[in-house]
Amino acid sequence: MIVKNEEVHLEDCLDSVKHYVNEIVIVDTGSTDNTIEIAKTYGAKVYGYTWTNDFADARNFALSKSTLDWNLILDADEQITSWDKDKVNSLLKDLNFIGKVDIKSNFLQNNEERFSQNFISRLLPKGASYFGRIHEQVVSDLPRIDLPIEVFHTGYFQTDKSERNLAILNEELTCFPNNSYILYQLARQYKTMNLYEDAFNFFRESFLIADRSEGYFTDLVVNYIYTLIELKQYYPGFEIIDQLNVPLGSSPDFQFVCGIFYMNFVLSDVAKNMDFLPLIERAYLTCLVLGEQKEREIVVGTGSYLAAYNLGVYYEMLNQKEKAKYYYNISSAQNYSPAEIRLKPLK
């Protein structure tokens, strides 16, 4: 781990992981609170490090202090929530892979808490290293496999790290101006700040040069379309959807944002765009057919309760109350409270 002033989070993090590891290595970048003292109560080996605005360099310094064959990478604002010890230990007999861990994060969207998930390379064999000043990536030609380990991350919930992130990302872009991943991360950062014109410019640049086999490509496209919705740029949105409907058609997140896109397009001029109304229904029904897909579902619920809820709203808008109740019930059964609220006047 690399840490700085994490006394609020560190104890919960280390409590969650202490039974799964043999050694704890913590690199501190200048804490002035009780972070170091807390780490030492868990028997951690603590090393000082002068911060250089480079997460990869700090990660690699921490890895250099490990004495073991496998290294789990965590942040202080993360906690292990699930770990199949038998399966993981069985897999770790083979050193020829990089282990991907299911990272779940909470975030605010439309004043509502939602959850994203992403399988990220976090369990590394000795010799693997990192590259990139921020949103650092593992450098290795080894195959990557999903592990039965789940982590909950709270670091971006109602916190603002924009100033720090933008400074490092722009520094990185200066060195690698045609790197689609850096452009993508800059776009996401500007979108988080509601600076949609800036986000649009970087999403467009990233999209044009991105390797479509990369794991972040679906998220790039989905967030690009959300940005076009905010800017009411519908015709570029139609071009992207038509272009990617086949390669991304099995992604619930892609289908979900298509439903939102069509809804906003219809509402922009109902009389003119009414013929597109069935596309809203088709997109959300496709989400439910696809269902929850773990690594292919970026935002939790796009293949289940969120799609069912939006279908309920769609049918209620068309005064098809029985269909609306049916889909609200599906959503409500998964404890989605907005569906429960919409159901009450329909009963």
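Those residues that are of a type in the set (Gly, Ala, Ser) and open to solvent by less than 40 Å² (accessible area, probe 1.4 Å), I need them from region 114-128; list them, please.
Across region 114-128, the qualifying residues are SER116, SER121, ALA128.
Taking region 60-82 as the range and being open to solvent by 20 Å² or more (accessible area, probe 1.4 Å) and in a helix (DSSP H, G or I) as the test, the residues that pass are ASN60, PHE61, LEU63, SER64.
Taking the criterion of being open to solvent by 30 Å² or more (accessible area, probe 1.4 Å), under 17 Å from the mean Cα position of the chain (by Cα) and not basic (Lys, Arg), the residues of region 185-215 that qualify are TYR190, THR192, MET193, GLU214, GLY215.
Annotation note: Cβ proximity below 8 Å between a residue of region 217-230 that is in contact (Cβ under 8 Å) with a residue 40 or more places away in the chain and more than 16 Å from LEU186 (Cβ to Cβ) and a residue that is basic (Lys, Arg) and surrounded by fewer than 23 Cβ atoms within 10 Å (Cβ to Cβ) (sequence gap 6+ or interchain) occurs for THR218/ARG296.
Kindly check whether there is at least one residue in region 316-332 that is in contact with a Pro (Cβ under 6 Å, 6 or more places away or on another chain), crowded, with 19+ Cβ neighbours inside 10 Å and not aromatic (Phe, Trp, Tyr). Within region 316-332, none of the residues are in contact with a Pro (Cβ under 6 Å, 6 or more places away or on another chain), crowded, with 19+ Cβ neighbours inside 10 Å and not aromatic (Phe, Trp, Tyr). Per this entry, ALA307 is counted among residues that are in a helix (DSSP H, G or I), among the small types (Gly, Ala, Ser), within 23 Å of PRO247 (Cβ to Cβ) and in contact with a Gly (Cβ under 8 Å, 6 or more places away or on another chain).
So is ALA167 over 20 Å from the mean Cα position of the chain (by Cα) and at pLDDT below 95 or not?
Judged against the criteria, ALA167 is a match.
Output yes when any residue across region 281-294 is surrounded by fewer than 21 Cβ atoms within 10 Å (Cβ to Cβ), in contact with a Lys or Arg (Cβ under 8 Å, 6 or more places away or on another chain) and part of a helix (DSSP H, G or I), and no when none is. No; the residues of region 281-294 include none that is surrounded by fewer than 21 Cβ atoms within 10 Å (Cβ to Cβ), in contact with a Lys or Arg (Cβ under 8 Å, 6 or more places away or on another chain) and part of a helix (DSSP H, G or I).
The values are calculated or read from the model by the stated rules, or taken from the named source; none is laboratory data. Since the model is a prediction, treat every value here as computed from it, not as a measurement. Please note: Cβ atoms are built from the backbone with ideal geometry, for glycine as well, and neighbour counts cover all protein chains shown. Side chains included, ligands, DNA and RNA excluded: accessible areas come from the protein's heavy atoms. Shrake-Rupley method; radii C 1.70, N 1.55, O 1.52, S 1.80 Å.
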